[in-house]
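Each remark here refers to the structure printed beneath this line.
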Amino acid sequence: MSETVISVKEVGKAYSMAVTRGATLHRTLTEELALMPRNLWSWLKGRGAPCETFWALKGVSFEVKRGEVVGVIGSNGSGKSTLLKILSRITPPTTGEIRLRGRVASLLEVGAGFHPELSGRENIFLNGAILGMTRQEIRRNFDAIVAFAEIAKFLEAPVKHYSSGMYMRLAFSVAAHLESEILLVDEVLAVGDAQFQKKCLGKMGEASRAGKTVLFVSHDINAVRQMCRRTILLAQGVIVKDDLSEETIKCYLG
Amino acid sequence: MGKGYFKIKSGDKFMSEQVTTEAEIVIEPQLRVEHIFRDIWRFRDLLWILAERDVRLRYKQTVIGVAWIVLQPLLASLIFALIFGVFARIPSDGQPYLLFVLCGMTAWNFFSSILQRAGNSLVGNGFLITKVYFPRAIIPLAAGLGSLVDLIVSLTVVFGALTLYHICPGWRVLALPLFCIMLIVAAVGASLWLSALMVYYRDFMHAMPFILQIWMYITPVVYAASLVPAEWIIYFSLNPAFVFVEGFRWAILGSNVLTWPMVMVGTASSIFLLVSGVIYFYSVERNFADVV
């Protein structure tokens, strides 16, 4: 049972300042044309003049065993979201290596890919496929998704006519039914009413009881304390503390 | 834990078959080339669903809906026929100008709509790129796939018009699918370039209409390829659209400008566009989320 499912080794992520600075995000063509002869390839790769780098994560290493529910906390800009983005493969690490055993479901933001003009049914398929489900898998879970979201009556209506509550429930429901061994959760609980948050927490607890591994990133200290035995504290891109939740939270607050 | 343990590197995230299959995913700074196509294969359902979404959305909240696919090329061809055929009297290789331009428009519209839709698709779907992982190439591919529906409909219009004119295309029509495939190869290659460049340089968003307009002028859409001086024609053939749009007329109307060297040059440059497009796309693909 104590098999390592997530192994993060010396992972770092550097952003170049030219990219992170808003104004120069999309350089103008004239600016670039002047630099072009110097290095066409680096221009094509979107790297203009050499620029400062900023390390959002640096030398982060930890391991998570099967069935563990681990919280990740830290103030804004501490690298929590970057870590999750790397784990869910949205952005590549600059250094280091990560090994994941099993399929990953990331609930970074539920409802990604929902299209307002499409019906609830169409959106379940669209969103499911975006999250990595096959058509078959979506069909298999379709009824469960609809039931969990409590939207059976409005299945054929375009989601733009949904209330925001219905919208959120449907979105979370699709994501929660992704069959996976590793669950990455980021701030989904910040939205929705108390009842919905309870439902989300319940689903996460269920997942961990079913032997799934959960990495839970949140600002909500109470939710972390309630859900996770172990918590990692990040500050300025490095791990400050990796301990039992009580100890880590004490360190974070103190 | 030894059994069923096999190693799969960065290329794949999801085991689509069985959840219980243990696969190790390794995330590294560099992308492994060998996993590109397998990754796309794994997400093939997403490709279809996204394409379906694009087609559905295009005609939602329109009154005449799918009829637009028929009307667009037909109206454009009528206008071109009036301006270039009746007023400017541009020679059309002895064919009725309406048919002549309808053929050219069908091929060109197919090509340019792939470019346009796929080219804008990455930026248009930026909200997905920053939220979820999947092979990014799925987005422009799905956008281009939607154009295939248009092609089939507008080819039906062409063949409808042929019967009105009592023209029966000969055996050459069998080459049509090949020309379509080559147009797809060229268009996908070009749109991989454009869509990826657009992520970094929004200038291409504004340049797109001009690129398409200029590309149309160097392609025999409203004029006959025979207008190009014979010694120049091989250079014009470097433009795949030039060769294969003319190919449509060769196959359907039996015009005789197309030669083997032209087809070879056109094919070579299509393949070059595709290969270079794939290489470029994948050299920048992983950083899209940081930039878009």
Qualifying residues in the stretch A:109-126 (those that are closer than 15 Å to B:Ala142 by Cβ and assigned to a loop (DSSP other than H, G, I, E, B)) - the one modelled with the lowest pLDDT: A:Gly113
Failed condition for A:Gly77, given (1) at negative phi; (2) open to solvent by 50 Å² or more (accessible area, probe 1.4 Å): (1)
Could you tell me which of the residues A:Lys160, A:Lys198 is free of Cβ contacts under 8 Å to residues at least 12 places away in the same chain and surrounded by fewer than 22 Cβ atoms within 10 Å (Cβ to Cβ)? A:Lys198
When A:Ser88 is evaluated against the numbered criteria (1) closer than 30 Å to B:Tyr59 by Cβ; (2) surrounded by 19 or more Cβ atoms within 10 Å (Cβ to Cβ), which criterion, by number, is the only one it fails? (1)
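Looking for whichever is open to solvent by 20 Å² or more (accessible area, probe 1.4 Å) and either under 15 Å from the mean Cα position of the chain (by Cα) or within 14 Å of another protein chain (Cβ to nearest Cβ) (or both) here; the options are B:Leu258, B:Leu197, B:Leu274, B:Leu238. Which one fits?
After applying the criteria, what remains is B:Leu274.
Here are some residues: B:Ile214, B:Ile184. Which one is touching a Gly at 6+ places or on another chain (Cβ under 9 Å) and either surrounded by fewer than 16 Cβ atoms within 10 Å (Cβ to Cβ) or outside any loop (DSSP other than H, G, I, E, B) (or both)?
Numbers: B:Ile214 fails: touching a Gly at 6+ places or on another chain (Cβ under 9 Å).
The conditions single out B:Ile184.
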Return a yes/no flag: does the stretch A:163-173 have any residue that is buried (at least 20 other Cβ atoms within 10 Å of the Cβ) and within 13 Å of chain B (Cβ to nearest Cβ). yes
Just need a number here: residues in the stretch B:153-173 that are part of a loop (DSSP other than H, G, I, E, B) and either in contact with a strand residue (DSSP E or B) (Cβ under 6 Å, 6 or more places away or on another chain) or surrounded by 15 or more Cβ atoms within 10 Å (Cβ to Cβ) (or both). 2
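Just to be sure before I move on: is A:Ala129 part of a strand (DSSP E or B), at pLDDT below 90 and open to solvent by less than 20 Å² (accessible area, probe 1.4 Å) in the structure I sent?
Values: part of a strand (DSSP E or B): no; at pLDDT below 90: yes; open to solvent by less than 20 Å² (accessible area, probe 1.4 Å): yes.
For A:Ala129, the condition - part of a strand (DSSP E or B), at pLDDT below 90 and open to solvent by less than 20 Å² (accessible area, probe 1.4 Å) - is not met.
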Which residue is farthest from the chain's Cα centre (by Cα), if the candidates are limited to the stretch B:200-235 and must be closer than 25 Å to B:Leu178 by Cα and among the aromatic types (Phe, Trp, Tyr)? B:Trp232
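Pick from the stretch B:217-227 the residues that are among the aliphatic types (A, V, I, L, M) and closer than 13 Å to B:Asn239 by Cβ: which of them is surrounded by the most Cβ atoms within 10 Å (Cβ to Cβ)? Walk me through how you get there before you give the answer.
Narrowing the stretch B:217-227 to residues among the aliphatic types (A, V, I, L, M): B:218, B:221-222, B:224-225, B:227.
Going one step further and asking which of them are closer than 13 Å to B:Asn239 by Cβ, we end up with B:218, B:221, B:225.
Numbers: B:Ile218: 13, B:Val221: 26, B:Ala225: 24.
Only one residue tops the list, namely B:Val221.
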The stretch B:31-44 - residue that is at pLDDT below 75 and outside any helix (DSSP H, G or I) and, of those, nearest to the other protein chains (Cβ to nearest Cβ): B:Leu31
Would you mind finding the one in B:Met205, B:Met262, B:Met216 that is under 30 Å from A:Lys13 (Cα atoms) and among the aliphatic types (A, V, I, L, M)? B:Met205
I'm checking my understanding of the structure. Among residues of the stretch B:81-109 that are small (Gly, Ala, Ser) and either in contact (Cβ under 8 Å) with a residue 24 or more places away in the chain or assigned to a helix (DSSP H, G or I) (or both), which one is surrounded by the most Cβ atoms within 10 Å (Cβ to Cβ)? B:Ala107
Given (1) hydrophobic (A, V, I, L, M, F, W, C); (2) within 14 Å of another protein chain (Cβ to nearest Cβ); (3) under 23 Å from B:Ile184 (Cα atoms); (4) open to solvent by 30 Å² or more (accessible area, probe 1.4 Å), B:Ile139 misses just (4)
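Do you know which residues across the stretch A:152-165 are modelled with pLDDT of 85 or more and out of contact with any Lys or Arg (no Cβ under 7 Å at 6 or more places or on another chain)? First the steps, then the outcome.
Let us first name the residues in the stretch A:152-165 that are modelled with pLDDT of 85 or more, namely A:152-163.
The answer is A:Ala152, A:Lys153, A:Phe154, A:Ala157, A:Pro158, A:Val159, A:Lys160, A:His161, A:Tyr162, A:Ser163.
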Regarding A:Gly102, is this residue touching a residue at least 12 places away in the same chain (Cβ under 8 Å), within 9 Å of chain B (Cβ to nearest Cβ) and at positive phi? yes
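For (1) modelled with pLDDT of 90 or more; (2) assigned to a helix (DSSP H, G or I), each residue gets a yes or a no:
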residue	(1), (2)
B:Ala251	yes, yes
B:Ser255	no, no
B:Leu258	no, no
B:Met264	yes, yes
B:Ser270	yes, yes
B:Val275	yes, yes
B:Tyr280	yes, yes
B:Val284	no, yes
B:Asn287	no, yes
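Does A:Val72 meet the test of being more than 14 Å from chain B (Cβ to nearest Cβ), in contact (Cβ under 8 Å) with a residue 60 or more places away in the chain, in a strand (DSSP E or B) and of a type in the set (A, V, I, L, M)? Write out each step before concluding.
On the way: more than 14 Å from chain B (Cβ to nearest Cβ): yes; in contact (Cβ under 8 Å) with a residue 60 or more places away in the chain: yes; in a strand (DSSP E or B): yes; of a type in the set (A, V, I, L, M): yes.
Against the criterion (more than 14 Å from chain B (Cβ to nearest Cβ), in contact (Cβ under 8 Å) with a residue 60 or more places away in the chain, in a strand (DSSP E or B) and of a type in the set (A, V, I, L, M)), A:Val72 qualifies.
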Going residue by residue through the stretch A:209-228, is there one that turns out to be under 30 Å from A:Leu155 (Cα atoms) and among the acidic types (Asp, Glu)? no
Single condition A:Ala147 does not satisfy, out of (1) in contact (Cβ under 8 Å) with a residue 60 or more places away in the chain; (2) among the aliphatic types (A, V, I, L, M); (3) open to solvent by 30 Å² or more (accessible area, probe 1.4 Å): (1)
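The values are calculated or read from the model by the stated rules, or taken from the named source; none is laboratory data. In this text the structure is predicted, and so the values were computed from the model without any measurement. When we count neighbours, we look across all protein chains shown, and the Cβ atoms used for this are built from the backbone with ideal geometry, even at glycine. Heavy atoms of the whole protein, side chains included, go into the accessibility calculation; ligands, DNA and RNA do not. Shrake-Rupley method; radii C 1.70, N 1.55, O 1.52, S 1.80 Å.
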